[in-house]
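Asker: Input: one structure, supplied below.
The values are calculated or read from the model by the stated rules, or taken from the named source; none is laboratory data. The structure presented is a predicted model; accordingly, all values stated were derived computationally and were not measured. Quick reminder, even Gly has a Cβ in these numbers, built from the backbone with ideal geometry, and neighbours come from all protein chains shown.
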Amino acid sequence: MATEPQTAGSEQLERELAELLAVERFEPPREFREQALLKDPAIYAEAERDPLGFWSAQAEQLHWFRRWDRVLDDSDPPFYKWFTGGTINASYNCLDRHVEAGRGDRVAFHWRGEEGEERDITYAQLLADVQRLANALKALGIGKGDVVGIYVPMIPEVVVSMLACARIGAPHNVVFGGFSAEAVRERMEFSQAKALITVDGAARKGKTAPVKERVDEVMGDLETLEAIVVIRSKGTPCSMREGRDVYYDEIVAAADPDCPAEPLDAEHPLYILYTSGSTAKPKGILHTTGGYLTGVAATHRYVFDLKPDADTYWCAADVGWVTGHSYIVYGPLCNGATSVMWEGAPDYPDRGIWWALVERYGVSILYCAPTAIRACVKWGAEWPRRHDLSSLRLLGTVGEPINPKAWLWYHKVIGGGRCPIVDTWWQTETGAIMITPLPGITATKPGSATQPFPGVRAEVRDESTGQPMQEGQGLLVLTRPWPSMLRTLYREEERFVETYFARFGPETYLVGDAARVDKDGYVWVIGRIDDVVNVSGHRLSTAEVESAIVAHADVAEAAVIGQHDEDTGQAIVAFVTLQGELEGDDSVVEGIRATVAERIGKFARPKRIIWTDDLPKTRSGKIMRRLLRDIAEGRELGDVTTLRDPAVTAKLKERVAELQAAEG
Ligand code: WTA
């Protein structure tokens, strides 16, 4: 464990950053532009003239068993179909294609474990493992169309599991390892998963969390779930239920080594990924095969300027979020990239681990979340400065708005002032990056995701008139279908139409974010307009957290909001009313936090709990969260006359002021 480094030199850095704050635009460095895959801005006009031609040229870069008849079937919006008539397989594109072309020895992942273990996995090895697991899944009765849950941490088997499912046409449903077993159960139930792949235990900063044991506590009576496949990862003891549970290594060893990739319809479901919406019930985003792969491969290549022979790429997200699906697994593997895969947290064994990994593997492209950068800013520039980061040539961010100061720090301290930064805006729903700089073309402005990717059309609409705005703040929409768009919400078609297309009609996708467009047409994404909060880039719904809180026996009612937070972007604040005469104290706070951790996951625990006898409600009984947000942020309250009991807000304001004073 390294000691806390000295902070000498931090004043000079502060001065340099302050000077950079005055710079409005950062042009692509000449050296970068000269080598870039895309350097001619004409690509935008070309794609705009013929978007379908642009996307079909991208699709041609993939391997198809049968070519499509039609690029886009838009006869029934918002149910778009892409590359109809074509047949394709995602695992074939990620693996076989490279091995057949003689690139089997290329490393797909430099995997690094928490305790310093290293495994280099080549494309050929990955293909061999995937074929065996695919056969083993078939032997368990998993076939085309059967949903397979995957609840596995950042170990190579998670990629093998996803690709084995893709190989046989079984849509996977990955659940982020930070979610609780309860959340896994719920997602298995909603998707009627037939099997679940999980681990005995997972590494958590030097400790081991017993994963299978927790799964067993909640999964017992789920009838649709016929098999649980257990990866022996950490040797954590767990019990195995006869007739349901099998060990991964045993079924793989018994399986046939050859499993040809199944030719699947371009619109065959590749995966479901649950994400948070406005209600407590998560939404099952459904992605299909041909269009999704086209979108992720093209954006991965061009946004990251990927040269697969030379680059070492690292997306430091977790595979359990969409960023991991698209930019750890499908995009990079389709493009034959060599990636780094890190098992652990950014501060274990110490706060320099990321930079040690960049140096160790010669990472040239780094993609991470602003929340991680903010943490690094706080920990100090001394950590990265201990390492040679000269291999880096491009930096990316995703998941939340990046404040200019963190952007500049990333640019200066990590990128040495020579690396373009791509601030990429997109969503689980969009499948791939939608608004982003092209690093060899676009002049960047810190804090702006800049412009739609070629072929994508975005607009900012006036909130009251619904008209597109040339300049100003409004609602972000996407006004043209794109290949990697979600196809529906799994088993909730009406909710799909209602959520995204009720406001502006079936041809205009409502993003759910507010954004500003500036005089140069640059887009600045501000944040969600719905009841979704973004904590460290993790998407959560306030309703989901509220229903977890009220599950605590002492709680009568709860309202949750996202409050601006310097570290995590937003933090969860809960206003809680207890049953009867109960008084809130530290033990109730801990109890509530534990309940939330159990029902959703630790990352969803409220940072602050504010006790209240009542909540501000309209006369019809609806909780006015807007007022709660104003109260928490210390803003002037607008009109409160529509409230059932206006005195409630005054009391709450007092309470919040007291708390803030106490917290200093
Ligand atoms: C937010 C993550 C500002 C946004 C890929 C969006 C961003 C939500 C950015 C989707 C960005 C993502 N700048 N905000 N570059 N990228 N967001 O589904 O609010 O987990 O709607 O997908 O994250 O989160 P999701």
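Asker: Filter region 512-524 down to residues that are outside any loop (DSSP other than H, G, I, E, B) and away from the ligand (no atom under 11 Å from the Cβ) and give me whichever is nearest to the chain's Cα centre (by Cα).
Answerer: My answer is R516.
Asker: Residue under question is R625, and the condition is that it be within 34 Å of the chain's Cα centre (by Cα) and over 20 Å from D554 (Cβ atoms); does it hold?
Answerer: yes
Asker: Looking only at region 606-629, which residues are farther than 12 Å from G562 by Cα and assigned to a loop (DSSP other than H, G, I, E, B)?
Answerer: T612, D613, D614, L615, P616, R619, S620, G621, K622, M624
Asker: Out of contact with any helix residue (DSSP H, G or I) (no Cβ under 7 Å at 6 or more places or on another chain), touching a residue at least 24 places away in the same chain (Cβ under 8 Å) and over 24 Å from Y522 (Cβ atoms): which single residue out of I328, I365 fits that description?
Answerer: Just one listed residue meets the conditions, I328.
Asker: Which of the residues spanning region 559-601 are closer than 28 Å to T275 by Cβ and of a type in the set (S, T, N, Q)?
Answerer: Selection gives Q563, T568, Q570, T595.
Asker: A further question on this structure: Going through E459, E359, E429 one at a time, which residue ends up being modelled with pLDDT of 95 or more, of a type in the set (D, E, K, R) and within 13 Å of the ligand (Cβ to nearest atom)?
Answerer: Unique residue meeting the criteria: E429.
Asker: Within the bounds of region 276-290, is there any residue that is more than 20 Å from V175 (Cα to Cα) and within 29 Å of the chain's Cα centre (by Cα)?
Answerer: Scanning region 276-290, I find at least one residue that is more than 20 Å from V175 (Cα to Cα) and within 29 Å of the chain's Cα centre (by Cα), so the answer is yes.
Asker: Okay, moving on. If you go through region 369-385 one residue at a time, do you hit one that is within 14 Å of the ligand (Cβ to nearest atom), touching a helix residue (DSSP H, G or I) at 6+ places or on another chain (Cβ under 9 Å), modelled with pLDDT of 95 or more and under 17 Å from L306 (Cα atoms)?
Answerer: no
Asker: Then there's this: Just to be sure, is P308 modelled with pLDDT of 95 or more, part of a loop (DSSP other than H, G, I, E, B) and away from the ligand (no atom under 14 Å from the Cβ)?
Answerer: Answer is yes for this residue.
Asker: State the number of residues belonging to region 531-545 that are more than 9 Å from the ligand (Cβ to nearest atom) and assigned to a loop (DSSP other than H, G, I, E, B).
Answerer: The number of residues fulfilling the criteria is 2.
Asker: In region 636-653, which residue that is of a type in the set (D, E, K, R) and surrounded by 11 or more Cβ atoms within 10 Å (Cβ to Cβ) is nearest to H564 (Cα to Cα)?
Answerer: Out of the qualifying residues, it is K653.
For (1) within 28 Å of the chain's Cα centre (by Cα); (2) closer than 30 Å to P384 by Cβ; (3) of a type in the set (S, T, N, Q), each residue gets a yes or a no:
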site: A22; (1), (2), (3): no, yes, no
site: R30; (1), (2), (3): no, yes, no
site: E46; (1), (2), (3): no, no, no
site: S56; (1), (2), (3): yes, no, yes
site: L72; (1), (2), (3): yes, no, no
site: S75; (1), (2), (3): no, no, yes
site: A90; (1), (2), (3): yes, no, no
site: R97; (1), (2), (3): yes, no, no
site: F109; (1), (2), (3): yes, yes, no
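Asker: Hey, another quick one. Checking the conditions here, which among P260, P210, P237 is under 27 Å from the mean Cα position of the chain (by Cα) and either on the phi < 0 side of the Ramachandran plot or among the hydrophobic types (A, V, I, L, M, F, W, C) (or both)?
Answerer: The conditions single out P210.
Asker: Pairs needed: first member in region 530-541, under 13 Å from D567 (Cα atoms); second member anywhere, within 7 Å of the ligand (Cβ to nearest atom) and among the basic types (K, R); C-beta distance under 7 Å; at least 6 residues apart or different chains.
Answerer: Listed pairs, sorted by first residue: N534/R528.
Asker: Regarding region 181-191, can at least one residue be identified that is over 19 Å from the mean Cα position of the chain (by Cα), part of a loop (DSSP other than H, G, I, E, B) and closer than 22 Å to T275 by Cβ?
Answerer: No: zero hits.
Asker: Given (1) out of contact with any Asp or Glu (no Cβ under 8 Å at 6 or more places or on another chain); (2) more than 26 Å from M485 (Cα to Cα), where does Y330 come up short, assuming only one miss?
Answerer: (2)
Asker: Scanning region 432-447 for residues that are more than 14 Å from the ligand (Cβ to nearest atom) and among the small types (G, A, S), which turns out surrounded by the most Cβ atoms within 10 Å (Cβ to Cβ)?
Answerer: G440
Asker: Return a yes/no flag: does region 404-414 have any residue that is part of a loop (DSSP other than H, G, I, E, B) and surrounded by fewer than 22 Cβ atoms within 10 Å (Cβ to Cβ).
Answerer: No: zero hits.
Asker: In region 311-331, which residue that is over 20 Å from V184 (Cβ atoms) and away from the ligand (no atom under 13 Å from the Cβ) is surrounded by the fewest Cβ atoms within 10 Å (Cβ to Cβ)?
Answerer: T312
Asker: Looking for whichever is within 19 Å of S278 (Cβ to Cβ), under 23 Å from the mean Cα position of the chain (by Cα) and of a type in the set (S, T, N, Q) here; the options are T436, T488. Which one fits?
Answerer: T488
Asker: Considering only region 291-310, I want to know if a residue exists there that is surrounded by fewer than 23 Cβ atoms within 10 Å (Cβ to Cβ), over 30 Å from K39 (Cα atoms) and free of Cβ contacts under 8 Å to residues at least 60 places away in the same chain.
Answerer: Scanning region 291-310, I find no residue that is surrounded by fewer than 23 Cβ atoms within 10 Å (Cβ to Cβ), over 30 Å from K39 (Cα atoms) and free of Cβ contacts under 8 Å to residues at least 60 places away in the same chain, so the answer is no.
Asker: I'd like the full set of residues that are acidic (D, E) and closer than 11 Å to F575 by Cβ, limited to region 613-664.
Answerer: Matches in region 613-664: D613, D614.
Asker: Let me ask something additional. May I ask you to verify whether G527 is within 19 Å of G474 (Cβ to Cβ), assigned to a strand (DSSP E or B), within 11 Å of the ligand (Cβ to nearest atom) and at pLDDT below 95?
Answerer: Against the criterion (within 19 Å of G474 (Cβ to Cβ), assigned to a strand (DSSP E or B), within 11 Å of the ligand (Cβ to nearest atom) and at pLDDT below 95), G527 qualifies.
Asker: Just to check your reading of the model, which residue among V456, V422 is buried (at least 22 other Cβ atoms within 10 Å of the Cβ), β-branched (V, I, T) and free of Cβ contacts under 8 Å to residues at least 40 places away in the same chain?
Answerer: Matching residue, one of V456, V422: V456.
Asker: Tell me whether region 162-179 contains one or more residues that are assigned to a loop (DSSP other than H, G, I, E, B), over 20 Å from the mean Cα position of the chain (by Cα) and more than 19 Å from Y271 (Cβ to Cβ).
Answerer: Among the residues of region 162-179, not one is assigned to a loop (DSSP other than H, G, I, E, B), over 20 Å from the mean Cα position of the chain (by Cα) and more than 19 Å from Y271 (Cβ to Cβ), which makes the answer no.
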